[in-house]
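J.: Please see the structure below; I have some questions.
The values are calculated or read from the model by the stated rules, or taken from the named source; none is laboratory data. Note that this is a predicted model, so its numbers are computed, not measured. Cβ placement follows ideal geometry from the backbone for every residue including glycine, while neighbour counts extend to all protein chains displayed. For the accessible areas, the whole protein counts, side chains as well, though only heavy atoms, and no ligand, DNA or RNA atoms are used. Shrake-Rupley method; radii C 1.70, N 1.55, O 1.52, S 1.80 Å.
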Amino acid sequence: MQNANLKCGLSESKEGQFHDNIPTNAYVWYDQNWQHDEYLHTHERYQLTYVEEGYQYFHIEEKTYLVPQNHVIWIPTKKEHRISSESKTVNLIIALFKSVPEQDFFQNVHVFSAPNVLKEMILYAQKWDKLLTENEEQANFLKAILTSLPNFCQENNSLQIPVPADDRLIPVCDYINKNYQYAFEIDELANLAQMSVRSLQRIFKQKTNITLQKYLQLIRILKSIELLDTKQYTLSQIAHLVGYKSLSAFSASYFNVIQEKPSLRK
(Lines give C-alpha, C1' and ligand atoms only; values in the text may rest on other atoms or scores of the structure.)
Protein backbone atom coordinates (compact mmCIF):
# COMPACT_ATOMS: atom_id res chain seq x y z
CA MET A 1 0.00 0.00 0.00
CA GLN A 2 1.47 3.28 -1.07
CA ASN A 3 1.23 6.95 -0.27
CA ALA A 4 1.21 8.39 3.26
CA ASN A 5 -2.50 9.29 3.30
CA LEU A 6 -4.24 7.27 0.59
CA LYS A 7 -3.63 3.53 0.35
CA CYS A 8 -5.54 1.35 -2.08
CA GLY A 9 -8.06 4.17 -2.22
CA LEU A 10 -8.62 4.10 1.55
CA SER A 11 -7.77 7.02 3.82
CA GLU A 12 -5.38 6.16 6.65
CA SER A 13 -6.58 8.04 9.73
CA LYS A 14 -3.65 6.79 11.79
CA GLU A 15 -1.03 4.13 11.29
CA GLY A 16 -2.72 0.88 10.32
CA GLN A 17 -6.32 2.11 10.54
CA PHE A 18 -8.39 3.15 7.54
CA HIS A 19 -11.60 5.05 6.80
CA ASP A 20 -13.72 3.88 3.88
CA ASN A 21 -15.71 6.61 2.16
CA ILE A 22 -15.77 4.90 -1.23
CA PRO A 23 -19.35 4.50 -2.53
CA THR A 24 -18.84 1.55 -4.87
CA ASN A 25 -19.14 -1.98 -3.47
CA ALA A 26 -16.02 -3.24 -5.25
CA TYR A 27 -13.05 -1.75 -7.06
CA VAL A 28 -9.61 -2.65 -8.40
CA TRP A 29 -6.24 -1.20 -7.39
CA TYR A 30 -3.09 -2.02 -9.37
CA ASP A 31 0.47 -0.95 -8.63
CA GLN A 32 3.77 -1.85 -10.23
CA ASN A 33 6.86 -1.98 -8.02
CA TRP A 34 4.66 -2.30 -4.95
CA GLN A 35 6.01 -0.61 -1.81
CA HIS A 36 4.63 -2.19 1.33
CA ASP A 37 4.28 -0.99 4.89
CA GLU A 38 5.91 -3.20 7.51
CA TYR A 39 3.33 -2.51 10.22
CA LEU A 40 0.09 -4.36 10.90
CA HIS A 41 -3.03 -2.84 9.42
CA THR A 42 -6.70 -3.60 9.08
CA HIS A 43 -9.65 -2.39 7.01
CA GLU A 44 -13.31 -3.24 6.67
CA ARG A 45 -13.13 -4.38 3.06
CA TYR A 46 -12.58 -7.96 2.00
CA GLN A 47 -9.38 -8.26 -0.03
CA LEU A 48 -8.44 -10.38 -3.02
CA THR A 49 -4.77 -9.99 -4.03
CA TYR A 50 -3.25 -11.45 -7.19
CA VAL A 51 0.56 -11.51 -7.46
CA GLU A 52 1.28 -10.73 -11.09
CA GLU A 53 5.05 -10.61 -10.65
CA GLY A 54 7.44 -11.42 -7.79
CA TYR A 55 6.22 -12.92 -4.54
CA GLN A 56 4.71 -11.65 -1.29
CA TYR A 57 4.55 -12.76 2.32
CA PHE A 58 1.33 -12.05 4.22
CA HIS A 59 1.67 -12.18 8.01
CA ILE A 60 -1.74 -12.94 9.51
CA GLU A 61 -2.23 -13.95 13.15
CA GLU A 62 0.22 -16.79 13.92
CA LYS A 63 0.91 -17.74 10.31
CA THR A 64 2.91 -16.42 7.40
CA TYR A 65 1.37 -17.08 3.98
CA LEU A 66 3.59 -17.25 0.92
CA VAL A 67 1.88 -15.94 -2.21
CA PRO A 68 4.12 -16.65 -5.23
CA GLN A 69 3.67 -15.29 -8.73
CA ASN A 70 0.32 -16.20 -10.35
CA HIS A 71 -1.22 -17.01 -6.96
CA VAL A 72 -4.00 -15.24 -5.08
CA ILE A 73 -4.83 -14.69 -1.43
CA TRP A 74 -8.26 -13.96 0.00
CA ILE A 75 -8.31 -11.98 3.27
CA PRO A 76 -11.59 -11.51 5.19
CA THR A 77 -12.76 -8.15 6.52
CA LYS A 78 -11.09 -6.68 9.64
CA LYS A 79 -8.35 -9.33 9.57
CA GLU A 80 -5.18 -7.67 10.89
CA HIS A 81 -2.21 -8.31 8.61
CA ARG A 82 1.06 -7.00 7.26
CA ILE A 83 3.00 -7.80 4.11
CA SER A 84 6.67 -8.15 3.27
CA SER A 85 8.91 -9.28 0.42
CA GLU A 86 12.54 -9.34 -0.66
CA SER A 87 11.52 -9.48 -4.31
CA LYS A 88 13.07 -6.80 -6.50
CA THR A 89 9.77 -6.25 -8.28
CA VAL A 90 6.32 -6.92 -6.89
CA ASN A 91 3.28 -6.23 -9.05
CA LEU A 92 -0.03 -6.74 -7.26
CA ILE A 93 -3.60 -6.48 -8.49
CA ILE A 94 -6.00 -5.98 -5.59
CA ALA A 95 -9.78 -6.14 -5.60
CA LEU A 96 -11.53 -4.78 -2.50
CA PHE A 97 -15.13 -5.69 -1.67
CA LYS A 98 -17.50 -4.07 0.82
CA SER A 99 -19.92 -7.02 0.95
CA VAL A 100 -19.67 -10.70 0.00
CA PRO A 101 -22.02 -13.71 -0.24
CA GLU A 102 -22.97 -15.42 3.02
CA GLN A 103 -20.68 -18.42 2.66
CA ASP A 104 -18.05 -19.74 5.07
CA PHE A 105 -15.43 -19.50 2.32
CA PHE A 106 -15.36 -15.70 2.51
CA GLN A 107 -14.72 -15.65 6.26
CA ASN A 108 -11.37 -17.46 6.09
CA VAL A 109 -7.94 -16.85 4.57
CA HIS A 110 -7.26 -18.79 1.37
CA VAL A 111 -4.15 -19.03 -0.82
CA PHE A 112 -4.19 -20.82 -4.15
CA SER A 113 -2.81 -20.80 -7.67
CA ALA A 114 -4.94 -18.73 -10.02
CA PRO A 115 -6.36 -20.95 -12.78
CA ASN A 116 -6.15 -19.45 -16.25
CA VAL A 117 -9.77 -18.32 -16.29
CA LEU A 118 -9.44 -16.43 -13.00
CA LYS A 119 -6.08 -14.97 -14.05
CA GLU A 120 -7.56 -13.62 -17.29
CA MET A 121 -10.58 -12.21 -15.44
CA ILE A 122 -8.34 -10.37 -12.95
CA LEU A 123 -6.11 -9.03 -15.72
CA TYR A 124 -9.18 -7.83 -17.63
CA ALA A 125 -10.43 -6.07 -14.50
CA GLN A 126 -7.35 -3.83 -14.63
CA LYS A 127 -9.25 -1.66 -17.11
CA TRP A 128 -11.07 -0.25 -14.06
CA ASP A 129 -7.88 0.43 -12.12
CA LYS A 130 -8.55 3.02 -9.40
CA LEU A 131 -12.07 3.71 -10.66
CA LEU A 132 -13.85 4.44 -7.37
CA THR A 133 -17.22 5.55 -8.72
CA GLU A 134 -20.18 3.38 -9.69
CA ASN A 135 -19.82 1.60 -13.03
CA GLU A 136 -22.34 -1.07 -14.02
CA GLU A 137 -19.98 -3.22 -16.08
CA GLN A 138 -17.30 -3.08 -13.38
CA ALA A 139 -19.80 -3.96 -10.66
CA ASN A 140 -21.18 -6.95 -12.56
CA PHE A 141 -17.75 -8.23 -13.59
CA LEU A 142 -16.22 -8.02 -10.12
CA LYS A 143 -19.32 -9.68 -8.68
CA ALA A 144 -18.78 -12.55 -11.13
CA ILE A 145 -15.20 -12.95 -9.92
CA LEU A 146 -16.33 -12.85 -6.31
CA THR A 147 -19.11 -15.43 -6.59
CA SER A 148 -16.87 -17.78 -8.60
CA LEU A 149 -13.93 -17.71 -6.14
CA PRO A 150 -14.99 -20.78 -4.10
CA ASN A 151 -15.12 -22.79 -7.35
CA PHE A 152 -11.68 -21.57 -8.45
CA CYS A 153 -10.06 -22.31 -5.11
CA GLN A 154 -7.82 -25.35 -5.01
CA GLU A 155 -6.27 -24.36 -1.71
CA ASN A 156 -2.61 -25.14 -1.03
CA ASN A 157 -2.15 -25.35 2.73
CA SER A 158 1.57 -25.98 2.21
CA LEU A 159 1.97 -22.25 1.55
CA GLN A 160 1.19 -21.55 5.22
CA ILE A 161 4.26 -21.24 7.44
CA PRO A 162 3.32 -21.49 11.13
CA VAL A 163 4.87 -19.16 13.69
CA PRO A 164 4.97 -21.17 16.95
CA ALA A 165 3.75 -19.33 20.04
CA ASP A 166 5.76 -21.60 22.37
CA ASP A 167 8.96 -19.74 23.29
CA ARG A 168 10.90 -22.99 23.48
CA LEU A 169 10.39 -23.53 19.75
CA ILE A 170 11.59 -20.10 18.62
CA PRO A 171 15.33 -20.99 18.81
CA VAL A 172 14.58 -24.16 16.82
CA CYS A 173 12.82 -22.23 14.04
CA ASP A 174 15.53 -19.56 14.03
CA TYR A 175 18.21 -22.22 13.67
CA ILE A 176 16.42 -23.86 10.74
CA ASN A 177 15.85 -20.47 9.08
CA LYS A 178 19.58 -19.70 9.25
CA ASN A 179 20.96 -23.18 8.47
CA TYR A 180 18.38 -24.64 6.08
CA GLN A 181 21.03 -25.37 3.43
CA TYR A 182 22.93 -27.76 5.69
CA ALA A 183 22.22 -31.26 6.96
CA PHE A 184 21.87 -31.35 10.74
CA GLU A 185 20.82 -33.83 13.38
CA ILE A 186 17.55 -33.46 15.25
CA ASP A 187 19.56 -33.83 18.47
CA GLU A 188 20.96 -30.35 17.80
CA LEU A 189 17.45 -28.92 17.63
CA ALA A 190 16.40 -30.75 20.80
CA ASN A 191 19.38 -29.23 22.65
CA LEU A 192 18.31 -25.76 21.52
CA ALA A 193 14.81 -26.37 22.85
CA GLN A 194 16.21 -27.95 26.02
CA MET A 195 14.03 -31.01 25.70
CA SER A 196 14.28 -34.57 24.48
CA VAL A 197 14.02 -35.43 20.79
CA ARG A 198 10.69 -37.16 21.36
CA SER A 199 9.28 -34.19 23.28
CA LEU A 200 10.48 -31.74 20.64
CA GLN A 201 8.85 -33.72 17.83
CA ARG A 202 5.59 -34.06 19.75
CA ILE A 203 5.37 -30.43 20.92
CA PHE A 204 6.42 -28.98 17.56
CA LYS A 205 3.69 -30.96 15.77
CA GLN A 206 1.18 -30.02 18.48
CA LYS A 207 1.92 -26.29 18.24
CA THR A 208 2.34 -25.94 14.46
CA ASN A 209 0.35 -28.87 12.99
CA ILE A 210 3.38 -29.85 10.90
CA THR A 211 6.52 -31.89 11.57
CA LEU A 212 10.03 -30.49 11.87
CA GLN A 213 10.90 -32.14 8.56
CA LYS A 214 7.95 -30.41 6.88
CA TYR A 215 8.97 -27.07 8.38
CA LEU A 216 12.50 -27.49 6.98
CA GLN A 217 11.05 -28.35 3.58
CA LEU A 218 8.85 -25.22 3.61
CA ILE A 219 11.76 -22.96 4.53
CA ARG A 220 13.92 -24.44 1.76
CA ILE A 221 11.19 -23.94 -0.83
CA LEU A 222 10.57 -20.36 0.34
CA LYS A 223 14.28 -19.61 -0.07
CA SER A 224 14.29 -21.21 -3.51
CA ILE A 225 11.47 -18.89 -4.61
CA GLU A 226 13.55 -15.91 -3.49
CA LEU A 227 16.52 -17.22 -5.48
CA LEU A 228 14.37 -17.88 -8.55
CA ASP A 229 13.21 -14.28 -8.36
CA THR A 230 16.79 -12.96 -8.63
CA LYS A 231 17.21 -14.59 -12.07
CA GLN A 232 20.90 -15.17 -11.22
CA TYR A 233 21.07 -18.95 -10.83
CA THR A 234 20.30 -22.14 -12.70
CA LEU A 235 17.82 -24.60 -11.19
CA SER A 236 20.69 -26.93 -10.28
CA GLN A 237 22.49 -24.12 -8.48
CA ILE A 238 19.34 -23.20 -6.57
CA ALA A 239 18.80 -26.83 -5.58
CA HIS A 240 22.30 -26.92 -4.10
CA LEU A 241 21.99 -23.51 -2.41
CA VAL A 242 18.86 -24.52 -0.50
CA GLY A 243 20.20 -27.86 0.64
CA TYR A 244 19.14 -30.48 -1.90
CA LYS A 245 21.66 -33.03 -3.20
CA SER A 246 20.11 -33.22 -6.66
CA LEU A 247 17.89 -31.25 -9.00
CA SER A 248 15.39 -34.10 -9.10
CA ALA A 249 15.03 -34.09 -5.30
CA PHE A 250 14.55 -30.32 -5.30
CA SER A 251 11.99 -30.45 -8.15
CA ALA A 252 9.97 -33.14 -6.37
CA SER A 253 9.98 -31.15 -3.10
CA TYR A 254 9.08 -27.91 -4.89
CA PHE A 255 6.17 -29.58 -6.67
CA ASN A 256 4.96 -31.06 -3.39
CA VAL A 257 4.68 -27.56 -1.90
CA ILE A 258 3.79 -25.30 -4.84
CA GLN A 259 1.92 -27.85 -7.00
CA GLU A 260 3.90 -26.87 -10.09
CA LYS A 261 7.41 -27.53 -11.33
CA PRO A 262 10.15 -24.96 -10.61
CA SER A 263 11.06 -22.78 -13.57
CA LEU A 264 13.39 -19.87 -14.13
CA ARG A 265 11.78 -16.42 -14.24
CA LYS A 266 11.76 -14.77 -17.65
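J.: Give, as a single signed number, the net charge of other residues whose beta carbon lies under 14 Å from the beta carbon of Lys78, with Lys and Arg counted +1 and Asp and Glu -1.
T.: Charge balance near Lys78 sits at -1.
J.: Lys205 versus Ala139, label points 7 Å from Cα toward the beta carbon: distance in nm?
T.: The modelled label-to-label distance comes out at 5.3 nm.
J.: Name all residues of the stretch 135-179 having a backbone nitrogen under 17 Å from the label point set 7 Å from the Cα of Ser196 along its Cα→Cβ direction, giving them as ranges.
T.: none
J.: Grab the other residues whose beta carbon is less than 14 angstrom from that of Ser148, score K and R as +1, D and E as -1, and report the net.
T.: Net charge around Ser148: +1.
J.: Under 11 Å from the Cβ of Lys207, count the other residues' Cβ atoms, weight Lys and Arg +1, Asp and Glu -1, and hand me the total. Before the final figure, lay out each step's value.
T.: Values: positive: Arg168, Arg202, Lys205; negative: Glu62, Asp166, Asp167.
Spelling it out: positives minus negatives among the neighbours equals 0.
J.: Would you mind calculating the gained length between Thr230 and Gln32 on full extension (0.36 nm times residue separation, minus the Cα-Cα distance), in nm to one decimal? If you can, show how the numbers build up before the last one.
T.: Details: separation 198, 0.36 × 198 = 71.28 nm, distance 1.72 nm.
Contour length minus Cα-Cα distance gives 69.6 nm.
J.: So if we plug the beta-carbon distance of Asp166 and Ser251 into 1/(1 + (r/R0)^6) with R0 = 30 Å, what FRET efficiency do we get, rounded to 0.05? Don't skip to the answer; put the middle values down first.
T.: Numbers: r = 33 Å, r/R0 = 1.12.
Efficiency, from the Cβ-Cβ distance: 0.35.
J.: Here's another thing I want to ask about it. Give me the dipole magnitude in Debye, nearest 20, for the stretch 1-155 about the Cα centre, with unit charges on the beta carbon: positive for Lys and Arg, negative for Asp and Glu. Walk me through the intermediate numbers first.
T.: On the way: 13 positive and 21 negative charges, 15 e Å.
So the magnitude is around 80 debye.
J.: Note down the Stokes-Einstein diffusion coefficient of the stretch 60-133 in µm²/s, whole number, using a Kirkwood radius over alpha carbon pairs, 25 °C, and 0.890 mPa s. Please list the in-between numbers first.
T.: Details: Rh = 14.2 Å.
So the translational diffusion coefficient is about 172 µm²/s.
J.: Something else now. Please report, in debye to the nearest 20, how large the charge dipole of the chain is about its Cα centre when each Lys and Arg carries +1 at its beta carbon and each Asp and Glu carries -1 there. Please list the in-between numbers first.
T.: On the way: 27 positive and 30 negative charges, 151 e Å.
It works out to roughly 720 debye.
J.: I'd like to check one number: the per residue accessible area of the stretch 112-266, probe 1.4 Å, reported in Å² as a whole number.
T.: On the way: 8690 Å² over 155 residues.
Here the per-residue accessible area is 56 Å².
J.: Let me ask you something else. Between Asp104 and Lys14, what's the calculated FRET efficiency when r is the beta-carbon distance and R0 is 30 Å? Round to 0.05. Each step should come with its number before you reach the end.
T.: Numbers: r = 32 Å, r/R0 = 1.08.
Working from the Cβ atoms, E equals 0.40.
J.: To continue, here is another question. I need the Kirkwood Rh of the chain: take the reciprocal of the average 1/r across all distinct C-alpha pairs and report it in angstrom.
T.: Details: mean 1/r = 0.0503 Å⁻¹.
One over the average 1/r among Cα pairs gives 19.9 Å for the chain.
J.: Follow-up. Under 1.5 on a/c is rounded, so check that first for the stretch 72-210, then, if it is not, pick prolate when a/b is larger than b/c and oblate when it is not; a ≥ b ≥ c are the square roots of the alpha carbon gyration tensor eigenvalues. Let's see the in-between values first.
T.: Values: a/c = 3.10, a/b = 2.48, b/c = 1.25.
It is prolate, given that a/c is not under 1.5 and a/b is the larger ratio.
J.: Quick check: from the Cα gyration tensor, does the stretch 139-194 come out rounded (a/c under 1.5), prolate or oblate? Intermediate results must be reported in sequence, preceding the final value.
T.: On the way: a/c = 4.70, a/b = 3.31, b/c = 1.42.
Prolate shape, in that a/c is at least 1.5 and a/b is the bigger ratio.
J.: Ignoring ligands, DNA and RNA, what percent of the accessible area of the chain is carbon or sulfur (1.4 Å)?
T.: On the way: 6240 of 13500 Å².
Here it works out to 46 percent.
J.: While we're on this one: Could you tell me the calculated FRET efficiency between Phe184 and Thr42, based on Cβ-Cβ distance and R0 = 35 angstrom, to the nearest 0.05?
T.: On the way: r = 39 Å, r/R0 = 1.11.
E(calc), rounded to 0.05, equals 0.35.
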